[in-house]
Amino acid sequence: MMTRQSVFFDAAGLLRKSRLGKRLVCLYSVTSTNDVAWGEAEAGVSEGTVVVAEEQTEGRGRLGRTWYSPPGVGVWMSVIMRPQISSEAAPGITHCASLAAARAIKVVCPVEVSLKWPNDVLVEGRKVCGILTEMKTVGKRIDFVVCGIGINVNQKPEDFAPAIRAAGVSLRMATGETVERVRLFAEVIKQLDGLYEGFCRCGFSHCAAEWKAMCGSLGKRIRIRTGRSEGDVEGVFSDVDERGALVLRMDSGLERSFLAGDVELVSQESEAP
Ligand code: BTN
């Protein structure tokens, strides 16, 4: 029988100086790397352990969505963190991860990258990467965080499920070139290592300016699907606060902040600050 091997073992040599990724768990097929990482974290493994797989059979996205993770074409990974912060500050970890993925993509590929609140990385306005951060808390204290990162790397259009074909893109589709997944994987970890260290010292404010500069919808009129009984809320996306929450300026002039939801651009025009 042919053994199915993970290419990601080769990343170990690239990560010697990084605190995150000191221990790599490289698997071929898993339900979800977040599930495996959660089990590892419950078992007490050290901060910085990274689980990566060639394929996920039950990859998960935010809000109960499916994340299609076919074999050999993506980076499907989860990082275990044990930050000494209050759980209220945790959304900033998702922003660090999306910024790390965006930076890494720019290092490895000649593409324009932008960020979409809260957790998407876009290329050509389509989603190339998503983040799913899950955590275990004890009261207000965080026991551990599992930060899952999924990057569409070498898919062809037909590798996307029909329902997401229009909204998703891979780096190969954007550049016309096959991208080396091991190099991209190692670069994401290196970038996240530095951003996470800054986050633990200073919170999200450490990288907020860079995150906001890459966010295409900041300053524009948006609609938030809250997923709550109040439905959609419209206004101007005026800021991202120190917790990582989206600040929306309503037509009444009042500001509201949102920690979750889906953002849809209503107008490309920038509004007065
Ligand atoms: C989203 O955009 O809704 C989040 C997608 C997150 C996908 C990654 S792939 C690695 C990790 N394992 C999962 O099951 N999900 C995350």
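Where is the GNM fluctuation largest for the chain (alpha-carbon springs, 10 angstrom cutoff): V51, V188, V108?
Among V51, V188, V108, the largest mean-square fluctuation in the Gaussian network model of the chain belongs to V108.
Normalising by the residue count of the chain, find the relative contact order in percent from Cα pairs under 8 Å and 6+ residues apart.
That works out to 17 percent.
What helices does the chain have that are whole DSSP H segments, at least 18 Å long along their own axis by Cα, and with mean Kyte-Doolittle hydropathy of 0.5 or more?
91-108
Enter the Cα centre distance for the pair segment 165-196 and segment 1-30, rounded to the nearest angstrom.
Comparing the Cα centres of segment 165-196 and segment 1-30, I get a distance of 16 Å.
Using θ = phi - 60° and the Karplus curve 6.51 cos²θ - 1.76 cosθ + 1.60, what whole-Hz ³J(HN,Hα) does each residue of segment 158-163 get, with Gly and Pro shown as x?
6, 7, 8, 4, x, 5
Restricting things to Cα coordinates, could you compute the convex hull volume per residue of the chain in Å³?
Roughly 139 Å³ of hull volume per residue.
Return the sequence-ordered ³J(HN,Hα) values of segment 146-157 in whole Hz as given by the Karplus equation 6.51 cos²θ - 1.76 cosθ + 1.60 applied to θ = phi - 60°, using x for Gly and Pro.
With the stated coefficients, segment 146-157 comes to 10, 9, x, 10, x, 10, 7, 10, 10, 5, 9, x Hz.
If amide hydrogens are placed 1.01 Å from N in the peptide plane, which non-local residues have theirs closer than 5 Å to the one on W67?
Counting only residues 5 or more places away or on other chains, the set is G59, R60, G61.
Looking at the chain as a GNM with Cα springs under 10 Å, which of G235, G48, G139 has the largest mean-square fluctuation?
G139
Out of segment 157-260, which GluC sites (Glu not before Pro) are coil in DSSP terms and have no more than 16 other C-beta atoms within 10 Å?
Sparse-neighbourhood loop GluC sites (Glu not before Pro): E177, E180, E230, E242.
List the relative contact order of segment 1-159 as a percent without decimals, with contacts defined as Cα pairs under 8 Å and 6+ residues apart.
Here the relative contact order equals 21 percent.
Based on alpha-carbon centroids, what's the gap between segment 45-60 and segment 89-137 in Å, whole number please?
A separation of 17 Å, based on Cα centres.
Which of the trypsin sites (Lys or Arg not before Pro) found in segment 1-110 are in a DSSP loop and have at most 12 neighbouring Cβ atoms, other than their own, within 10 Å?
Values: sites: R4, R16, K17, R19, K22, R23, R60, R62, R65, R103, K106; in loops: R4, R16, K17, R19, K22, R23, R65.
The qualifying sites are R4, R16, K17, R65.
Of the lysine pairs in the chain, how many meet both conditions: Cα atoms under 13 Å apart, and a spacing of 8 or more in sequence or different chains?
The number of close lysine pairs in the chain is 6.
Report, for the chain, the % of DSSP beta bridges that are antiparallel, rounded to 5. Present the calculation step by step, with values, prior to reporting the outcome.
Details: 51 of 59 bridges.
DSSP beta bridges in the chain are roughly 85 percent antiparallel.
Kindly state, to the nearest 0.05, the FRET efficiency for C200 paired with A12, given R0 = 25 Å and r defined as their beta-carbon distance.
Calculated transfer efficiency: 0.55.
For Cα pairs less than 8 Å apart in space and 6+ apart in sequence, what is the mean separation divided by the residue count of segment 31-99, i.e. the relative contact order in percent?
Working: 82 pairs, mean separation 23.4, N = 69.
The normalised contact order for segment 31-99 reaches 34 percent.
What ranking of I164, I93 emerges when the number of other C-beta atoms within 10 Å of each C-beta is taken as an exposure proxy, fewest first?
Going from least to most buried by this count: I164, I93.
Calculated FRET efficiency, E112 and M250, Cβ-Cβ r, R0 51 Å, to nearest 0.05?
Details: r = 31 Å, r/R0 = 0.61.
Efficiency at R0 = 51 Å is approximately 0.95.
In a GNM of the chain with a 10 Å cut-off on Cα contacts, which of L63, L15, L184 has the highest mean-square fluctuation?
Answer for the Gaussian network model of the chain: L63.
Give me a comma-separated list of calculated 3J(HN,Hα) values for segment 51-62, in order, Karplus coefficients 6.51, -1.76, 1.60 applied at θ = phi - 60°, integers in Hz, x for any Gly or Pro.
Ordered by residue, 3J(HN,Hα) equals 9, 9, 9, 6, 8, 10, 8, 9, x, 10, x, 5 Hz.
What's the whole-number percent of alpha carbon pairs in segment 21-119 lying beyond 21 angstrom?
For segment 21-119, the fraction of Cα-Cα distances above 21 Å is 41 percent.
How big is D for segment 154-229, in µm² s⁻¹ as a whole number, if Stokes-Einstein is applied with the Kirkwood radius of its Cα pairs at 25 °C and 0.890 mPa s? Don't skip to the answer; put the middle values down first.
Values: Rh = 16.0 Å.
Result for D is 153 µm²/s.
S257 versus A213, label points 7 Å from Cα toward the beta carbon: distance in nm?
Calculated label separation equals 2.3 nm.
Among V113, L99, T137, whose Cα sits farthest toward the positive end of the charge dipole of segment 83-141 (+1 at Cβ of Lys/Arg, -1 at Cβ of Asp/Glu, about the Cα centre)?
T137
Taken together, the values in this text are just the output of simple stated rules run on the coordinates, not laboratory data. From a predicted model like this one, the values you see are computed outputs, not experimental measurements. A quick note on method: Cβ atoms are made from the backbone with ideal geometry, for glycine too, and the neighbour counts reach across all protein chains shown.
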